[in-house]
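Single-structure report; data block below.
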Amino acid sequence: MAEKGYSVRRLPGFGLIAVLTFTMLYLPIVILVFFSFNAGPSQAVWDGFSLQWYEAAFQNRQVREVSIRSLWLAATAASFATVLATLAALGTTRGGRFPGQTMIYALINQPLMVPEIVTGIALLIFVAAIKVQTGYTGMGYLVAAHTAFCIPFAYLPIRARLETLDPALEAAAADLYASPVQAFFSITLPLLVPGIVAGFMLGFVISLDTVVITEFVKSAGQDTLPTYMLGQLRRTVTPEMNAIATLFLALSLIIVTAFFLITRTRGR
Amino acid sequence: MDARVQDTTVKGEIDITGVNKVFGQGAAAFHALTDIDLSIATGEFFTLLGPSGCGKTTLLRVIAGFEQPSSGSLRINGAEVAGLGPNRRPVNTVFQSYALFPHMTVAQNIGFGLKMLGKPRREIEATAAEMLRLVRMEALAERRPAELSGGQQQRVALARALAPRPRVLLLDEPLSALDLKLRKEMQSELKRLQTETGITFVFVTHDQEEALTMSDRVAVMSAGRILQMGRPTEIYNAPVNRFVADFIGETNFLVLPVAQTEGDAAHLTLPGGKRAQALLPDGMLPVTGADVTAVIRPEQATIVEPDAGDMTATVDSAVFFGTDTHLHLTLSDGQPFVLRRQNRPGQQPPEPGTALGLSLAPGALRVLED
């Protein structure tokens, strides 16, 4: 076994680097979760097990409010982004070659390449101008900004899925008397579902997570969970934040697990 | 489906006249098909044969409706279909990749065409069951394509394309993904299906043996043109030019001087000085003394005693093929010659260096247009 072939295991220090990397990735999270169950108010001294910080988080009206806003915003923005990303993916893979195709890819993926802070400041100026002109200060700005920001994250898995689909499938449907609309709804769309679900979930998580975009775009009273937590951290840090973060983590894990299960069973 | 223009001068199931297909424009234009004229009779097993890039698949896609011809006319059962999409033509295709719908069962795949035609469910189910019987796949109706072997997927693809009872079935190299044994099996299976259903088959392949064994007629294509069209025996025995002679089967090309011409035949001077009669292509009148290229198949020469035959040769090597042996020879003037001899029990191949006499079958030698 050890004699044949190339194995990274035999590179000196490989195991050590791996262990260090995983420690850096997960130890802080483990500590965060650990102290969310602390009976005392400290992040460093263990005073025994308690669920009091979870209780505090659930009873905090502001936490409930911003959590619901965050979830609503993520669901709305991810839905819009998924529809737009599906259309974009179809246009760029099923529309035949057209001039400027590579440019279009780059433009769709702008949020992946332009630093988030630049997008944030640009949005701040842009949105401010519209606010002055129209007087509208509702959630529309956040929905629009999050949608635009989520599109590339939704686009990538949908396009990847489309590219693995044999174009002969659509040709076969047309050959078997399906109109273009029938071929889309009976062949392309059902086969695209795993990509669409993956795109939606990625978009949802990204929207739930983003601080910078929200911070620059939101009007008064439009805090999401991340911007609320950031605000709280400027004051005193109690394990209540740990409890909220832990719940947040649990939600992400559920989504990622669901995503994994869906792509595994439907991905064939 | 749409019989818009009924022509009373219908010749066949498919009539293609003056079809051209050009991809791209200007300097980058690529002529995939040039002046294709073709008529395929009802119930015929017609094969488009040629190397990859010869235009055979493009022609199939033009018939199916996936590509529209740049010019020319395409009639199916007398109705002009140029300009119509694939969903409006009474033809179905068996794809090289099979293109089975992975999210549907075998039965749903087979019923798809009838469903799109708006047939009642009872009829769809009955036809699907009948098609499954036809391709001997009754037991696997509820399987998904991913759970089938390559040969089984091939049968489902056939059943799916046959289910709407098309006037014409188009097959795009359907056997190329199968291993040799399965391919032989499917060749006879295809022939059986064609005979049983009476549907016109248009079959695309680059495998000349497949074309010769299965087809009623073959069109040999190269560089977007049809070079020769005819029954397999005609194509094999009387290739019109060097390309066809070379592509179909094995051939010896001999450059020989013309001794004299006489009607549609010429007497050529063989290496060693003896003469042999060779058929001339239509309208060719070579000058006496000029060199022409003549072809003869490896099985059309037999070994005789040295000096007793038309030519003499020495053996370079012998390759054993089971049913026969290929002898690689050098003629007395240095030209190579391959001879195929059927093996008999106890017969040993001649040693390299042995001198042999070759006798040519009458009518086997043909002059090619160059």
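Inter-chain Cβ neighbour count for B:105-118, averaged per residue, equals 3 (cutoff 10 Å, partner chain atoms only).
Can you classify segment A:60-266 as rounded, prolate or oblate using the Cα gyration tensor, where a ≥ b ≥ c are the square roots of its eigenvalues, rounded means a/c under 1.5, and otherwise it's prolate if a/b beats b/c and oblate if not? The shape class here is prolate.
Electrostatic tally near B:Val338: other residues with Cβ closer than 14 Å to its Cβ, Lys and Arg +1, Asp and Glu -1, net -2. Estimated purely from DSSP H runs of n ≥ 4, each contributing -39500 (n - 2.57), the mean residue ellipticity at 222 nm for the protein assembly as shown is -14000 deg cm²/dmol once divided by its residues.
Checking every one of the trypsin sites (Lys or Arg not before Pro) in segment B:85-143 against DSSP loop status and a limit of 14 other Cβ atoms within 10 Å picks out B:Arg136.
Can you give me the C-alpha center-to-center distance between segment A:226-248 and segment B:200-258, rounded to a whole angstrom? Answer, in whole Å: 79. For chain A, the longest principal axis of the Cα atoms and the long axis of helix A:239-266 meet at an angle of about 20 degrees. Comparing A:Leu87, A:Thr238, A:Pro194 along the charge dipole axis of segment A:60-266, the residue lying farthest to the positive side is A:Thr238, per the Cβ-charge model. Annotation for segment A:69-105: trypsin sites (Lys or Arg not before Pro) lying in DSSP loop with at most 10 further Cβ atoms inside 10 Å of their Cβ are A:Arg97. Of A:Trp72, A:Trp53, the residue with the largest accessible area leads and the full order is A:Trp72, A:Trp53 (1.4 Å probe).
A Förster radius of 35 Å combined with the Cβ-Cβ distance from B:Asn237 to B:Thr269 puts the calculated FRET efficiency at roughly 0.90. Taking R0 as 45 Å, what FRET efficiency do you get between A:Ala220 and A:Arg97 from their Cβ-Cβ distance, rounded to the nearest 0.05? It comes out at approximately 0.40. Here the simple spin-label model places points 7 Å from the Cα toward Cβ, and for A:Val30 and B:Thr195 these points are separated by 7.4 nm.
Here the dipole of the protein assembly as shown is about 2440 debye; that uses its Cα centre as origin and unit charges on the Cβ of Lys and Arg (positive) and Asp and Glu (negative).
Fully extending the segment from A:Ile117 to A:Phe22, taken as 0.36 nm per residue of separation minus the present Cα-Cα distance, adds 31.4 nm. The residues of the protein assembly as shown have, on average, 50 Å² of accessible surface per residue, using a 1.4 Å probe with all protein chains present. Surface burial for A against B, with a 1.4 Å probe and both sides summed, reaches about 1800 Å² of accessible area. Relative to the dominant Cα principal axis of chain B, helix B:121-134 is inclined by about 20°. Between A:Val193 and B:Thr42, the FRET efficiency estimated from the beta carbon spacing at R0 = 41 angstrom works out to 0.45. For the pair A:Leu251 and B:Asn343, label points projected 7 Å from Cα toward Cβ lie 7.6 nm apart. Legend: mean number of C-beta atoms from other chains within 10 angstrom of residue C-beta atoms, peptide A:186-192, equals 3.
Here the Karplus curve 6.51 cos²θ - 1.76 cosθ + 1.60, taken at θ = phi - 60°, turns the phi angles of segment B:107-117 into couplings of 5, 5, 4, 5, x, 4, x, 5, 4, 5, 7 Hz, with x standing for Gly and Pro. Rounded to whole numbers, the Karplus 3J(HN,Hα) couplings from phi for segment B:209-222 are 5, 4, 4, 5, 6, 9, 8, 6, 9, 10, 10, 8, 10, 8 Hz, using 6.51 cos²θ - 1.76 cosθ + 1.60 with θ = phi - 60°, and x at Gly and Pro. Using a cutoff of 8 angstrom between alpha carbon atoms and counting only pairs six or more residues apart, the relative contact order for chain B works out to 15 percent.
Annotation: lysines with alpha-carbon distance below 22 angstrom to A:Lys218 (same-chain offsets under eight excluded): A:Lys131.
In peptide A:163-173, how many Cβ atoms from other protein chains are near each Cβ within 10 Å, on average?
Counting Cβ atoms of other protein chains within 10 Å of each residue's Cβ and averaging gives 5.
By accessible area, using a 1.4 Å probe on protein heavy atoms only, the protein assembly as shown has 61% of its surface on carbon and sulfur.
Protection proxy ranking, highest mean first, for peptides B:148-155, A:252-259, A:152-159: A:152-159, B:148-155, A:252-259, where packing is the per-residue count of other beta-carbon atoms within 10 Å, averaged.
How far apart, in nm, are two points set 7 Å out from the Cα along the Cα-to-Cβ line at A:Ala106 and at B:Glu142? Between A:Ala106 and B:Glu142, the label points sit 5.5 nm apart. Rounded, prolate or oblate for segment A:179-227? Axes are the square roots of the Cα gyration tensor eigenvalues, ordered a ≥ b ≥ c, and the cut-off for rounded is a/c under 1.5. The shape class here is prolate. Let me know the number of lysine pairs in segment B:14-243 closer than 28 Å at the Cα, not counting same-chain pairs under 8 apart. Taking the Cα cut-off of 28 Å, the pair count is 6.
Does the protein assembly as shown come out rounded, prolate or oblate by the C-alpha gyration tensor, with a ≥ b ≥ c the root eigenvalues, rounded set by a/c under 1.5 and, if not, prolate when a/b is larger than b/c and oblate if not? Note, shape of the protein assembly as shown comes out prolate. Under the combined filter of DSSP loop state and at most 12 neighbouring Cβ atoms within 10 Å, segment B:84-146 retains these GluC sites (Glu not before Pro): B:Glu142.
The values are calculated or read from the model by the stated rules, or taken from the named source; none is laboratory data. Quantities reported herein were computed from a predicted structural model and do not represent experimental measurements. All Cβ positions, even for glycine, are placed from backbone atoms using ideal geometry, and neighbour counts span all protein chains on display. To get the accessible areas, we keep the full protein, side chains included, count just its heavy atoms, and leave off ligands, DNA and RNA. Shrake-Rupley method; radii C 1.70, N 1.55, O 1.52, S 1.80 Å.
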